[in-house]
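Q: Right, I'll just put the structure down here and ask away after.
The values are calculated or read from the model by the stated rules, or taken from the named source; none is laboratory data. Keep in mind it's a predicted model, so treat the numbers as computed, not measured. Note: ideal-geometry Cβ built from the backbone for every residue, glycine included; neighbour counts use all protein chains shown. Calculation scope for accessible area: heavy atoms of the full protein, side chains included, ligands and nucleic acids excluded. Shrake-Rupley method; radii C 1.70, N 1.55, O 1.52, S 1.80 Å.
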Amino acid sequence: MLVPFGDAVRRSFFTAMSGEFVGLKNYEAVLQNEAFRLASQNTLRFIAACIPVLLALSLLLALMIRAVRRRGELYKTAFLLPIAIPVASVVLLWTVFFHEKGLLSGMVEAFGGTRADWMNSDAAFSILVLSYLWKNAGYDMVLFLAGLGGISPSLYEAARVDGAGAWALFRHITLPSLLPTLFTVAVLSLLNSFKVFREAFLVAGNYPHKSMYMLQHLFNNWFTALDIQKLCAAAVLVALFILALVLLLQKLWGNEELS
Amino acid sequence: MKQILKQAACLLLGAVMLLAGCASAGNLPQSDLGSSAPVAMGRYIEGALEVPNNNLGPCILVQPDGSLLSYNVLYNADGQVVCYTSTDGTKWEMSNVGALENIQQLEGGFADLISVASNGDILYALYRDAQYQPCLAKSSENGPLTKLTLMKGWEMPPRPPAGSEGEALPLSEMPEVLPETVAAMENGNFLIGCFDKIIRYDGEGKELQRYESGGSAFSVHKNTLFMMGKGRNSIETVNLETGETIHSVALPSTTSQNDGINYGSGGAPMDTDEAGALFYADAKGIHRLAPGGSLWETVVDGELSSLGIPSLQVGGLMQDKKGGFFVSMFDNSGVHLMHYTYSADTPSMPSTELSVFALSDNHTIRQAIGEFQRRNPDVRVMFRYGLTEDGAATADDVIRSLNAELLAGKGPDILLLDGLPIGSYIEKGILMDLSGMLDSSKLLKNIVDYYLRDGKLYSMPVRISVPVMLGSAQAVEAAKRLDTLANAAAQSPDGNFLAMNSPSGRIVQFFLTSSPAWFHGDRILDQQLLAEFLMNIKAISDACNDNAILSASAGYMNRADELGLVDEGLENLIKLSKGGLQLHMQMIDGFSQLAIPFSVKNKLENGALAPMGGQSPGVFVPHGIVGINNASKHKDLAVAFVRVLFGLSVQSTDLGDGFPVSVEAIEKNIVEFPEANMGFAIGSSEGMITSGPPAKVDLQAFYQDVLLCATTASTIDKVLLENVKNECDAFFAGEKTAEQTAAAIAERTQAYLTE
């Protein structure tokens, strides 16, 4: 695993085929590349939009599932189903819904609006976000449920005895106890956010709507064009960014202990 | 201790995981393993034989002693039949015609020999008389020929008098039997092969039995008939006595060269040996089917011989009585005779392999492979193309796979760069400089100049197509620019300046001849020119009433598919010839496609044919852009192959995939094509146009005015085209201006163009 990455780091300092050392020129070319800037911007925007919402939503679902005494397992299964659906089926679903002649266009037209190719419009980004939330909320919910299960009930009992209400219980017991789980879920969600490329690629191809153009699209196209030197340089930059983010999250949430 | 063991186990697991997935150093090609590995020996070697008078007769027989006998018809006033014999096909001598000497006397006039067959004692000659009526004559023990009574179903309707205009014969009046081949059986009976049946007759011409077949190709072994199945995809074994189908075996390959032509014994690309094994020849090779078997064994590989050359059609197959084969093949230049003999001392596979890669199949490459391997029998050219009909891979998948090979230094020796990122390959030094290897002075200078990069030539197309327009001189002149075309279309009283199309179809129609002008330097889109294009397209579309068909059924007249089809369809060419249109546009892919357009142009009053108009004049579409991999281990062979590709032999062969880029080949075609004895015809609901080959003066003018003026390569950029089409709906609906649409297109394609 480390050997291929090491090779990528090595290639980022050399030309693609001739193996000539070029120093930081590849990094310079990547940072000045408009397509890279657009893709980075979109990817960051996607992460910034999705991760907090996903964490909040999945935590809320986990708390609700725990509160439901009857049929809790049934609801848990229902929320988990989206992640089990194959990508090809999801793509089919997208096409049926969001195509110009799809269900959504039909509903809009029925209410007096005009049809649109939603995946080629400004709504494409929102569709991507919703799809990501729909697919991953159940998975993160299960992780949070595991985390919630690890909190000792005696803490809650003691707090209730002291007169703590629901919000106080959540704020002072649940949330701090969940910080390590929150870190794990955040990291996994971050990594899963890159997988949304699969649906976007299968529906919209190599060059989707501008708002959906992510780093993976760019890397894919660079490989097709044999721009390996730029690809490796960009991959190193992305890896460093993710590493920095994970370390930051670990510092904030990973080592916190319930006081 | 336990802790130490646990840590050691973790370290070991980590090391295994780290090293897992490293590429193995195995799987080296056989040729790189040195001479220590045993090499399979034995292969059929191809030899090209001389043909008598540069033309084999329609009837070649292999005598029992293995010598060849060829009956030729001399097309002089007497229609004389001559005979040549040869012991091994290398040298022919004129010989006694024997019983066929009096064939002309049978009818008192000219007899056109179709096929001859003999069982040693009885000779059958199938021929057409002066009235084009097929007849059969028989000679016993070299006695004089006697004509058999006309068999039932053979009667042809009377021929129209000389000088009158002929009409096509309706199907109901076609004779029931159209004989193409004859074969003599041991018992004196004979078999007649037609396109849809095989008929067995007794020695006097009485019909004994019919067998429905898929072609006139057949072979007989004792009481067993081997013939093409009705679906033309199988060989059926039939008992001649009972008519019962004993066996049916699928053809060995899906090549289309399956119909038997009347050359050779039985007139078919199949023959049987004494044991009853069947041999069948097609573009994939010569295949053997054991008696009663269902699996074909390829004994001669088509890829290593001329059998695989696209321009050559297999005519007949005959065994040489010594374990080898004679195969007759034909192309536009005539008939060729090949002899395949087994050499036990030759490695079964050539020791050296040259790899050629393309995204799609290419006829010119296959032609060159055949020629190259004929000259270099110790080299095997492996032609690999990524996109197959039944494959699921996309072009991008194939390119990524290729790039992975190139990165690993294991790419193919020769690349066909159509659809590949040529600019990137040149920039990264993947391609070798060809300028010192090819004599570019023998190639079209305008094409070479386009592909030069800093004085070096890294790639060059083997063929080109050109979009042209045809109409009156006035219409053609107006159509050279989009704005003047729009004006001329608007002034046309009936709106019939151009054939109807949809607005998005118009975009695709003019995309090839306009899009190259939209880019300056390295992939910067000129929005102003793009806006002008859109405005002109809208004006043309409005003038031609394109909007009127927007509500028509989907697909109507929408020839603007994503491959950028310029063609307006043959029915529009016919309409133009009748005055129903003023201008027609189409892609021309070779000299044979010039006949009808020139015929129409010459019939029009003040007709003209010129390169198609647009924002970028002088556009051509390259095909088979060849480059040599700099990392190739067989550069010398690769260069030799490329020289064959651009050599006269391959370039002058018209395979319908574009014009040659060799000046010599073009000049040769200009001289030879008008002298070709062929006619052309197209027909549709609008009528029919017939024509002979184009005149030399027309071809010369085409060469000067079109081919030499082609200076800009253009191919359909699917991403750009799709974005233009998607944004134009609002523009055509009047919701956006041209400038806004151009800006929207530029924004959409920003990522694509700046990568």
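Q: What do you reckon, is A:Phe46 within 14 Å of another protein chain (Cβ to nearest Cβ) and in contact with a Phe, Trp or Tyr (Cβ under 9 Å, 6 or more places away or on another chain)? Walk me through it before giving the result.
A: On the way: within 14 Å of another protein chain (Cβ to nearest Cβ): no; in contact with a Phe, Trp or Tyr (Cβ under 9 Å, 6 or more places away or on another chain): yes.
So A:Phe46 does not fit the description; no.
Q: Can you confirm whether the stretch B:328-346 contains a residue that is at pLDDT 90 or above, among the aromatic types (Phe, Trp, Tyr) and touching an Asp or Glu at 6+ places or on another chain (Cβ under 8 Å)?
A: Scanning the stretch B:328-346, I find at least one residue that is at pLDDT 90 or above, among the aromatic types (Phe, Trp, Tyr) and touching an Asp or Glu at 6+ places or on another chain (Cβ under 8 Å), so the answer is yes.
Q: Is there a residue being within 14 Å of another protein chain (Cβ to nearest Cβ), under 26 Å from A:Leu191 (Cα atoms) and open to solvent by 40 Å² or more (accessible area, probe 1.4 Å) anywhere in the stretch A:130-141?
A: Initial filter on the stretch A:130-141 (within 14 Å of another protein chain (Cβ to nearest Cβ)): none.
So far as the stretch A:130-141 goes, no, none of its residues is within 14 Å of another protein chain (Cβ to nearest Cβ), under 26 Å from A:Leu191 (Cα atoms) and open to solvent by 40 Å² or more (accessible area, probe 1.4 Å).
Q: Let me confirm something: among B:Asp78, B:Asp88, B:Asp121, which residue is under 29 Å from B:Asp301 (Cβ atoms) and either modelled with pLDDT of 65 or more or not basic (Lys, Arg) (or both)?
A: B:Asp88
Q: Restricting attention to the stretch B:577-592, and to residues there that are assigned to a helix (DSSP H, G or I) and either touching a Cys at 6+ places or on another chain (Cβ under 7 Å) or at pLDDT below 90 (or both), which single residue is surrounded by the most Cβ atoms within 10 Å (Cβ to Cβ)? Spell out how you get there, then give the answer.
A: Kept after step one, since they are assigned to a helix (DSSP H, G or I), are these residues of the stretch B:577-592: B:577, B:591-592.
Next, only the ones that are either touching a Cys at 6+ places or on another chain (Cβ under 7 Å) or at pLDDT below 90 (or both) stay: B:577, B:592.
Values: B:Ser577: 23, B:Ser592: 19.
Going through the qualifying residues, I end up with B:Ser577.
Q: Could we say that A:Gly23 is open to solvent by less than 90 Å² (accessible area, probe 1.4 Å), part of a loop (DSSP other than H, G, I, E, B) and more than 14 Å from chain B (Cβ to nearest Cβ) here? Reasoning before the result, please.
A: Working: open to solvent by less than 90 Å² (accessible area, probe 1.4 Å): yes; part of a loop (DSSP other than H, G, I, E, B): yes; more than 14 Å from chain B (Cβ to nearest Cβ): yes.
In short, yes.
Q: Name the residues in the stretch B:310-324 that are open to solvent by less than 30 Å² (accessible area, probe 1.4 Å) and within 17 Å of B:Thr346 (Cα to Cα), would you?
A: B:Gly324
Q: Return the residues of the stretch A:177-207 that are within 14 Å of chain B (Cβ to nearest Cβ) and open to solvent by less than 10 Å² (accessible area, probe 1.4 Å); say none if nothing qualifies.
A: A:Ala200
Rundown of residues vs (1) buried (at least 18 other Cβ atoms within 10 Å of the Cβ); (2) at the interface with another protein chain (Cβ under 10 Å from one of its Cβ atoms), yes/no style:
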{"residue": "B:Arg400", "(1), (2)": "no, yes"}
{"residue": "B:Leu417", "(1), (2)": "yes, no"}
{"residue": "B:Ile422", "(1), (2)": "yes, no"}
{"residue": "B:Tyr425", "(1), (2)": "yes, yes"}
{"residue": "B:Gly429", "(1), (2)": "no, yes"}
{"residue": "B:Ser435", "(1), (2)": "no, no"}
{"residue": "B:Asp439", "(1), (2)": "no, no"}
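Q: Here are the criteria: (1) touching a Lys or Arg at 6+ places or on another chain (Cβ under 6 Å); (2) more than 14 Å from every other protein chain (Cβ to nearest Cβ). Tell me which single one A:Ala16 does not satisfy.
A: (2)
Q: Let me ask something else about it. Regarding the stretch A:238-245, can at least one residue be identified that is without any contact (Cβ under 8 Å) to a residue 60 or more places away in the chain, at positive phi and open to solvent by 10 Å² or more (accessible area, probe 1.4 Å)?
A: no
Q: Please specify each residue of the stretch A:8-20 satisfying the condition of being under 27 Å from the mean Cα position of the chain (by Cα) and either over 14 Å from A:Phe219 (Cα atoms) or exposed (fewer than 12 other Cβ atoms within 10 Å of the Cβ) (or both).
A: A:Val9
Q: Separate question: For the condition part of a loop (DSSP other than H, G, I, E, B) and either within 12 Å of chain A (Cβ to nearest Cβ) or among the small types (Gly, Ala, Ser) (or both), what is the one hit in B:Ala710, B:Ala743? Break it down stepwise before answering.
A: Working: B:Ala743 fails: part of a loop (DSSP other than H, G, I, E, B).
Step by step, each of B:Ala710, B:Ala743 is checked, and only B:Ala710 is part of a loop (DSSP other than H, G, I, E, B) and either within 12 Å of chain A (Cβ to nearest Cβ) or among the small types (Gly, Ala, Ser) (or both).
Q: Here is a further query. Within the stretch B:34-60, which residues are of a type in the set (A, V, I, L, M) and modelled with pLDDT of 75 or more? Give the derivation first.
A: Just the residues of the stretch B:34-60 that are of a type in the set (A, V, I, L, M), to begin with: B:37, B:39-41, B:45, B:48-49, B:51, B:56, B:60.
B:Val39, B:Ala40, B:Met41, B:Ile45, B:Ala48, B:Leu49, B:Val51, B:Ile60 - these are the residues of the stretch B:34-60 that are of a type in the set (A, V, I, L, M) and modelled with pLDDT of 75 or more.
Q: Quickly run through the stretch B:1-22 and pick out the residues that are open to solvent by 100 Å² or more (accessible area, probe 1.4 Å) and at pLDDT below 60.
A: At the first step, the residues of the stretch B:1-22 found to be open to solvent by 100 Å² or more (accessible area, probe 1.4 Å) are B:1-7, B:11-13, B:17, B:19.
None; the set is empty.
Q: I would also like to ask the following. Which of (1) closer than 23 Å to B:Ile422 by Cβ; (2) outside any strand (DSSP E or B); (3) at pLDDT 90 or above does B:Asn602 not meet, given it meets every other one?
A: Only one criterion in (1) closer than 23 Å to B:Ile422 by Cβ; (2) outside any strand (DSSP E or B); (3) at pLDDT 90 or above is unmet by B:Asn602, namely (1).
Q: Considering each of A:Arg171, A:Arg160 in turn, give the residue that is without any contact (Cβ under 8 Å) to a residue 40 or more places away in the chain, part of a helix (DSSP H, G or I) and farther than 27 Å from A:Asp140 by Cα.
A: Details: A:Arg171 fails: farther than 27 Å from A:Asp140 by Cα.
That would be A:Arg160, the only listed residue that is without any contact (Cβ under 8 Å) to a residue 40 or more places away in the chain, part of a helix (DSSP H, G or I) and farther than 27 Å from A:Asp140 by Cα.
Q: Going by the conditions given, is B:Asn496 open to solvent by 10 Å² or more (accessible area, probe 1.4 Å), out of contact with any Phe, Trp or Tyr (no Cβ under 7 Å at 6 or more places or on another chain) and part of a loop (DSSP other than H, G, I, E, B)?
A: Working: open to solvent by 10 Å² or more (accessible area, probe 1.4 Å): yes; out of contact with any Phe, Trp or Tyr (no Cβ under 7 Å at 6 or more places or on another chain): yes; part of a loop (DSSP other than H, G, I, E, B): yes.
Yes: the conditions hold for B:Asn496.
Q: Further, regarding this structure: So B:Leu307 ticks every box in (1) part of a strand (DSSP E or B); (2) crowded, with 17+ Cβ neighbours inside 10 Å but one. Which box is left unticked?
A: (1)
Q: Next question. How about the stretch B:325-347: which of its residues are more than 25 Å from B:Gly656 (Cα to Cα), of a type in the set (Gly, Ala, Ser) and open to solvent by less than 40 Å² (accessible area, probe 1.4 Å)?
A: B:Ser343
Q: Go through (1) closer than 30 Å to A:Val96 by Cα; (2) within 14 Å of chain B (Cβ to nearest Cβ); (3) not small (Gly, Ala, Ser) for A:Leu231 and report which single condition fails.
A: Evaluating A:Leu231 over (1) closer than 30 Å to A:Val96 by Cα; (2) within 14 Å of chain B (Cβ to nearest Cβ); (3) not small (Gly, Ala, Ser) leaves (1) as the failure.
Q: Determine whether A:Ala35 is within 14 Å of chain B (Cβ to nearest Cβ), in contact with a helix residue (DSSP H, G or I) (Cβ under 9 Å, 6 or more places away or on another chain), surrounded by fewer than 20 Cβ atoms within 10 Å (Cβ to Cβ) and touching a residue at least 40 places away in the same chain (Cβ under 8 Å).
A: Numbers: within 14 Å of chain B (Cβ to nearest Cβ): yes; in contact with a helix residue (DSSP H, G or I) (Cβ under 9 Å, 6 or more places away or on another chain): yes; surrounded by fewer than 20 Cβ atoms within 10 Å (Cβ to Cβ): no; touching a residue at least 40 places away in the same chain (Cβ under 8 Å): yes.
No; evaluated as a whole, the condition is false for this residue.
Q: Limited to the stretch A:212-223, what total is found for residues that are within 11 Å of chain B (Cβ to nearest Cβ) and under 27 Å from A:Leu93 (Cβ atoms)?
A: The first filter runs over the stretch A:212-223 and keeps only residues within 11 Å of chain B (Cβ to nearest Cβ), leaving A:212-214, A:217-223.
Add one more test, that the residue is under 27 Å from A:Leu93 (Cβ atoms), and what stays is A:212-214, A:217-221.
Total satisfying the criteria: 8.
Q: In the set B:Glu739, B:Glu722, B:Glu675, which member is surrounded by fewer than 22 Cβ atoms within 10 Å (Cβ to Cβ) and modelled with pLDDT of 95 or more? Explain how you work it out, then say what you get.
A: Working: B:Glu722 fails: modelled with pLDDT of 95 or more; B:Glu675 fails: modelled with pLDDT of 95 or more.
None of the other options fit; the residue is B:Glu739.
Q: Can you name every residue in the stretch B:411-444 that is assigned to a loop (DSSP other than H, G, I, E, B) and free of Cβ contacts under 8 Å to residues at least 60 places away in the same chain? Let's see the steps before the verdict.
A: Within the stretch B:411-444, the first condition is being assigned to a loop (DSSP other than H, G, I, E, B), and the residues that meet it are B:411-413, B:417-421, B:428-430, B:432-439, B:444.
Of everything in the stretch B:411-444, those that are assigned to a loop (DSSP other than H, G, I, E, B) and free of Cβ contacts under 8 Å to residues at least 60 places away in the same chain turn out to be B:Pro421, B:Lys428, B:Asp433, B:Ser435, B:Gly436, B:Asp439.
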